[in-house]
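The values are calculated or read from the model by the stated rules, or taken from the named source; none is laboratory data. These figures come from a predicted structure and were not determined experimentally. Every residue, glycine among them, receives a Cβ derived from its backbone with ideal geometry; neighbour counts consider all protein chains shown.
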Amino acid sequence: MTAGNTRQRLLAVVRRVPAGCVATYGQIAALAGLPRQARLVGYALHNCPADVPWHRIVNAQGRISLPTDSTAGLAQHRRLAEEGIAMIGGRIDLARYRWEPPSDPPGQADTGG
């Protein structure tokens, strides 16, 4: 698998995260078939296309990973607030806001064939 293919797989998963929800870097990596590769998600989101909701991706503690006073960190916080995602003490309640993608119904999973 090439780096470009990996990035496209990761961005495809990020695009699925709906407004009003967040996902963690590790969650995105696992859903893209790259478990334990959370850092790759961060690299993929750097300079991503405008249609990718990068702001919905947070770390495993429910925190924004960017410096809070940086332009991008402030933009992420603002965009999440606009979607109704509350932060208390700099954290998002993952039990409340974490995206849980629907699982494939029995017999509907993509088997690649």
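Restricting the first member to the stretch 72-91 and to residues that are without any contact (Cβ under 8 Å) to a residue 40 or more places away in the chain and over 18 Å from HIS46 (Cβ atoms), and the second to residues that are surrounded by fewer than 14 Cβ atoms within 10 Å (Cβ to Cβ) and not polar (S, T, N, Q), the beta-carbon pairs closer than 8 Å and six or more apart or on different chains are ALA86/ASP93; MET87/ALA81.
With respect to TYR97, is the statement that it is in contact with a Lys or Arg (Cβ under 8 Å, 6 or more places away or on another chain) and among the hydroxyl-bearing types (Ser, Thr, Tyr) true? No; evaluated as a whole, the condition is false for this residue.
Only one of GLY112, GLY62, GLY20 is at pLDDT below 95 and on the phi > 0 side of the Ramachandran plot. Can you tell me which? The unique qualifying residue is GLY112. Taking the criterion of being closer than 21 Å to ARG96 by Cα, of a type in the set (A, V, I, L, M, F, W, C) and either without any contact (Cβ under 8 Å) to a residue 60 or more places away in the chain or buried (at least 21 other Cβ atoms within 10 Å of the Cβ) (or both), the residues of the stretch 1-36 that qualify are VAL13, VAL14, VAL17, VAL22, ALA23, ILE28, ALA29, ALA30. Checked against the criteria, ARG39 does not count as at pLDDT 95 or above and within 21 Å of ARG96 (Cα to Cα).
Scan the stretch 61-96 for residues that are among the aliphatic types (A, V, I, L, M), surrounded by fewer than 20 Cβ atoms within 10 Å (Cβ to Cβ) and over 20 Å from ARG7 (Cβ atoms) and the total you get is 8. Name the single residue, out of those in the stretch 39-60 being of a type in the set (Val, Ile, Thr) and either under 17 Å from GLY26 (Cβ atoms) or surrounded by 21 or more Cβ atoms within 10 Å (Cβ to Cβ) (or both), that is nearest to the chain's Cα centre (by Cα). Checked the stretch 39-60; the qualifying residue nearest to the chain's Cα centre (by Cα) is ILE57.
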